[in-house]
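Let me begin by presenting the structure, written as structure tokens, before commenting on it.
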Amino acid sequence: MSTAVALAHTVVTVWAQEINITPTAPPGANKVITLVNFMAWFVTLAGIAAVIYAGGKFGWERWHGGSVESPKILLGALFGGILATSAGPIMNAVVNGGA
């Protein structure tokens, strides 16, 4: 029985070791980083446009007494913006283990 406990302890010790990962950029990564920066800029611009559109639609709906759909558009734009803005820090936390 003692051998089984020692074996289990060894297996758990091996599995519990920390793996240090230091990401390095591959060759040609500057072009990809530039593309991602452009995409982030377009996402930010689209989010701002969606918030402006939702605000205008909300005013139009209130003025004319139509159905109120703009709060859903506004919440969707805000949630999408928060998610898109948080993508970089989330991935850094995943790669660096929260450090």
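The values are calculated or read from the model by the stated rules, or taken from the named source; none is laboratory data. This is a predicted model, so every value here is computed, not measured. Cβ coordinates were reconstructed from backbone atoms using ideal geometry, including for glycine residues, and neighbour counts include every protein chain displayed. Ligands, DNA and RNA are stripped out before the accessible areas are found, and what is left, the full protein with its side chains, is counted by its heavy atoms. Shrake-Rupley method; radii C 1.70, N 1.55, O 1.52, S 1.80 Å.
Pick from the stretch 1-40 the residues that are open to solvent by 100 Å² or more (accessible area, probe 1.4 Å) and of a type in the set (S, T, N, Q): which of them is modelled with the highest pLDDT?
ASN30
Do you know which residues across the stretch 70-87 are open to solvent by 80 Å² or more (accessible area, probe 1.4 Å) and of a type outside the set (Lys, Arg)?
Scanning the stretch 70-87 gives LEU75, LEU78, PHE79, ILE82, LEU83, THR85.
Out of VAL43, VAL68, VAL51, report the one residue that is at pLDDT below 80 and in contact with a helix residue (DSSP H, G or I) (Cβ under 6 Å, 6 or more places away or on another chain). I'd like the intermediate steps shown before the answer.
Numbers: VAL43 fails: at pLDDT below 80; VAL51 fails: at pLDDT below 80.
The conditions single out VAL68.
Looking at the stretch 24-47, I want the residues that are touching a residue at least 24 places away in the same chain (Cβ under 8 Å) and have a partner that is hydrophobic (A, V, I, L, M, F, W, C) and open to solvent by less than 80 Å² (accessible area, probe 1.4 Å) with Cβ atoms under 9 Å, at least 6 apart or on another chain. Which pairs are those?
As it stands, the answer is ALA40/ALA84; ALA40/ALA87; VAL43/ALA84; THR44/ALA84; GLY47/ALA77; GLY47/ALA84, since those pairs meet every condition given.
Out of all the residues in the stretch 29-69, which are touching a Gly at 6+ places or on another chain (Cβ under 9 Å) and more than 20 Å from LEU83 (Cα to Cα)?
Selection gives TRP60 alone.
Read through the list (1) open to solvent by 100 Å² or more (accessible area, probe 1.4 Å); (2) in contact with a helix residue (DSSP H, G or I) (Cβ under 6 Å, 6 or more places away or on another chain), then give the number of the only condition that ARG62 fails.
Single failed check for ARG62: (2).
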